[in-house]
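Trainee: After the C-alpha cells below, expect a handful of questions from me.
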Amino acid sequence: MANRKYTKEFKDSTIQLALNSTESVLKIGADLDVNPKTIYNWIREYKIANNIPVVSIGKSTTSSNNVVKETQENELKRLRAENIYYPKKSRQLFRNSYSHLTLLPYETFSLDLT
C-alpha cells in the first residue's frame, strides 16, 4: 500500500461501499489495496462535508459529548418524573422490602426467601 493519489470517483465509490456494505473497512481496504485508516479518513471527511454526525471512539469530540449530554438530560428527566410519581414513603417501603437481598460477586447470588 504505497503513498498514492486516488481519483474522486474511486474515493466516492469506496466510501459508499464502506457505508453500505456489511464488510469491515479492514476487509474492503485489503480487497482494494488501500490502507483502512485512509478509508476512515475519507468517510470522516464525507460525513463532515454532508453534515452527518461524526462520532470518534476513544477521542472526546463535540458530537460525542452532545450524545452523552443528551443521554444525561434524558435520565435526569426520567428521575425527576419518578420523584413526582412515587411519593417518598412508597420509595422507602420499596427499598425496605428488598433489604433481605444479599449482593455477592456475580458468580454467587444469595436470596433469602424466609
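Trainee: Just the number, please: Stokes-Einstein D of segment 1-52 in µm²/s, Kirkwood Rh from C-alpha pairs, 25 °C, 0.890 mPa s.
Mentor: Working: Rh = 11.1 Å.
Rounded to a whole number, D works out at 220 µm²/s.
Trainee: For a footprinting-style exposure proxy, rank Asp31, Asp12 by other Cβ within 10 Å, fewest first. Intermediate values should be presented prior to the final figure.
Mentor: Numbers: Asp31 10, Asp12 13.
Fewest-to-most Cβ neighbours within 10 Å comes out as Asp31, Asp12.
Trainee: Additional query: Going down the list Lys27/Lys69; Lys37/Lys69; Lys47/Lys69; Lys5/Lys27, which pairs span over 24 Å between their C-alpha atoms? Could you put the intermediate results ahead of the total?
Mentor: Working: Lys27/Lys69 34 Å; Lys37/Lys69 29 Å; Lys47/Lys69 22 Å; Lys5/Lys27 20 Å.
As for pairs spanning more than 24 Å Cα to Cα, those are Lys27/Lys69; Lys37/Lys69.
Values quoted throughout were computed directly from the atomic coordinates according to the rules given, and no laboratory measurement underlies them. Fair warning: this is a prediction, and the values are worked out from it, not measured in the lab. Virtual Cβ from ideal backbone geometry, glycine too; neighbours counted across all protein chains shown.
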